[in-house]
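Here's the structure we're looking at; comments come further down.
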Amino acid sequence: RNDSVTEIPQLHAALLSFVQLSGQHKLEQINNGVQQIGTATQRDTAYQSAGTEIPMSEVRSEELQMALTMATWAYYEDSMILTEKLLEHDYTLLRHHLVVRPGTVAHYIAVSPSKRQVVVGLRGTSSLEDIMTDCCGRAVPLVDDYSLGDKISVEVKAKVPHVVMDSLEEEVVEIVSGHERIICDSPDDESDDYIRCHEGILIAARGVMDEIGRFLRDYLLECKYRVIFCGHSLGAGAAVVSAVLLRSRYPELFLNDDHHRRIHVYGFGPPPVLDFDSAIGARAYCTTVVYNSDLISRLNVSNLVVLLACLRKIQVKLAERGMNPTGPVTTLNFVNKLAEGAGGEPLLSLSELQQTVREAHSSLRRPEHLFLPGRVLLVYNPWRGEKCETESPTCSTVRPECEEWKCVETTGTSPIFHSLEIDGVRCFTDHLTSSYFQVMGMQYQF
């Protein structure tokens, strides 16, 4: 819709006010929780209801901890250091690709004969070229010339288990195994019956699979090895799409349960990369870990539309109160408003902001909307355990009274990911690998 992209006057002022508003609503919820002992904040309740609560011991499993470690190793540029790290865990480095340009992603591949396992580690955003890849976030059909029959491959939920249909004469192949199916058909721009994914990451994943796809197939089919894809940030998104491409090119890899279990993706703080149905369908072979208000894991088209709607509403409120900084007086009023910090009166009540978010959301299954893939483990620190550092009414900083962790198992289509959570600088720091090491109960040694 045209009104979703119209210009917002004084956008910078609306954005600063939105950050302040987020802090005000957080402080308000925390204070209400203090006054009503044992009462969870609205934010904590939203997180709790986002899925099924699971113990942190499940998140901090040995396999997930090792996957995070190997995902972080993809950031090493020195192949000698990477080789030494891998040897400590009985892995041999086979390839270390560092040449990065827009539309590519740095990665390495290592093998452990004793573990009968191959690991593909993909690097997250760490250069201008990577940022350019991230910014190509348009949802595009997954077209891959190497897929079965040189057609498009699709994975969606199936109703009939263990059914195989073959109809090449009609140029349609349907292979159903367990809970999902792959459909290979001719591209149709008007159809929703195929995977859509993040354009820049798809291009990068194609490059990875062109280099190592056949190699992985040999290890899977002939050597019966398990293949693990792991990555953080951009690397996590590329790991997911690489696995989708691998499964599309070689559907025989999951025609039985033995092969089906031997490919898995572990992603930490990935961006939304798959459409609604494909994100859910990836649950069988993808585990995603998201921490708190990680901004990258919420950056999709629908959330940006919601943000613009909120900024537009805030801008209207600023204009009504004479705080839209277009002249000396209004600028002074605006600065004074910001100086109130989190202790000031909110421009929008929490209920008004939530109503704006609800009104801004359109159909979740629209093709241009992307979601976090697979089984999502959402780890968060409850706000009820935080208090104001100072009794000043303008205080805008909160700190944990004690370290408390909660985790829910959900999917990337959960409403908890339908808006950006601006929790001060935490929306950025929660995305760092060091934060994920803390989540996993590990000491950061990179």
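The values are calculated or read from the model by the stated rules, or taken from the named source; none is laboratory data. Keep in mind that what you see is a predicted model, and the values were worked out from it rather than measured. Cβ atoms come from the backbone with ideal geometry, glycine included; neighbour counts cover every protein chain shown. Just the protein is used for accessible areas: all its heavy atoms, side chains included, with ligands, DNA and RNA removed. Shrake-Rupley method; radii C 1.70, N 1.55, O 1.52, S 1.80 Å.
Given the stretch 284-356 reduced to its alpha-carbon atoms as identical point scatterers, what log10 I(q)/I(0) does the Debye formula return at q = 0.13, 0.23, 0.27 Å⁻¹?
Values returned for q = 0.13, 0.23, 0.27 Å⁻¹ are -0.56, -1.11, -1.20.
Suppose each label sits 7 Å from its Cα in the direction of the beta carbon; what would the L11-Q354 distance come out to in nanometres?
3.0 nm
How do E63, E88, E368, E53 rank by accessible surface area computed with a 1.4 Å probe, from largest to smallest?
E88, E53, E63, E368
Enter the Cα centre distance for the pair the stretch 325-352 and the stretch 408-446, rounded to the nearest angstrom.
Cα centroid to Cα centroid, the span is 29 Å.
When the accessible area of the stretch 8-140 is computed with all protein chains present and a 1.4 Å probe, what percentage of it is carbon and sulfur?
56 percent
Starting from the Cα gyration tensor of the stretch 200-298, multiply each eigenvalue by 5, take the square root, and state the resulting semi-axes largest first in whole Å.
23, 14, 12
Can you give me the distance in nm between label points at S49 and S112, each placed 7 Å from the Cα along the Cα-to-Cβ direction?
Distance between label points: 4.2 nm.
Work through the residues other than V290 whose Cβ is under 12 Å from its Cβ and net out their charges, Lys, Arg +1 and Asp, Glu -1.
Around V290, the surrounding residues sum to -2.
Here are some pairs, K224/K406; K85/K115; K85/K224; K115/K406; which of them have Cα atoms lying more than 28 Å apart in this structure?
K224/K406; K115/K406
Show me, for the stretch 41-49, the HN-Hα J-couplings you get by feeding each phi into the Karplus relation (A = 6.51, B = -1.76, C = 1.60, θ = phi - 60°), rounded to Hz, glycine and proline as x.
Listing the rounded values in order: 5, 4, 5, 4, 5, 5, 5, 4, 8 Hz.
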